[in-house]
1. So which residues in segment 34-60 are without any contact (Cβ under 8 Å) to a residue 24 or more places away in the chain and closer than 16 Å to residue 4 by Cβ?
2. I'd like the full set of residues that are modelled with pLDDT under 90 and touching a strand residue (DSSP E or B) at 6+ places or on another chain (Cβ under 7 Å), limited to segment 51-64.
3. Using the structure shown, decide if residue 77 is surrounded by 10 or more Cβ atoms within 10 Å (Cβ to Cβ), farther than 13 Å from residue 4 by Cβ and touching a residue at least 12 places away in the same chain (Cβ under 8 Å).
4. May I ask you to say which residue of 82, 89 is farther than 28 Å from residue 38 by Cβ, exposed (fewer than 10 other Cβ atoms within 10 Å of the Cβ) and in contact (Cβ under 8 Å) with a residue 12 or more places away in the chain?
C-alpha cells in the first residue's frame, strides 16, 4: 500500500509537488512523465517523482473527454523505484537507389 494519498499523487502531476498536506510534503519534484496513452475516453501515463531523496513511480489515469472534462485517479499507489540506464545499439535498414550506393 502506498504511503501517499491519491489526492497527493494527482497533485504531483498538476502542481509539481504535493498541493495538499502539511509542510513535510513540500519537498517534491516531478522527475519524469510519459505521454498520455489514450484509449477512447480513458487514458493513462506514468509519473516519476522525487521525495526525501527517494524516487517513486505511479500510473495516473483519466476518464472523460476534452470537451466535458476529465476525472483523474491513481492506479495502485506509488512504488519506490531506482534509475537504471542502458545503452542500446539500433540497426536501421534503409533502401537507397543503386546509383547512390556506388
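1. Selection gives 46, 50, 53, 59.
2. The answer is 51, 64.
3. No, not satisfied.
4. Working: 89 fails: in contact (Cβ under 8 Å) with a residue 12 or more places away in the chain.
Being farther than 28 Å from residue 38 by Cβ, exposed (fewer than 10 other Cβ atoms within 10 Å of the Cβ) and in contact (Cβ under 8 Å) with a residue 12 or more places away in the chain holds for just one of 82, 89, which is 82.
The values are calculated or read from the model by the stated rules, or taken from the named source; none is laboratory data. Please read these numbers as outputs of a predicted model, since none were measured by experiment. Quick reminder, even Gly has a Cβ in these numbers, built from the backbone with ideal geometry, and neighbours come from all protein chains shown.
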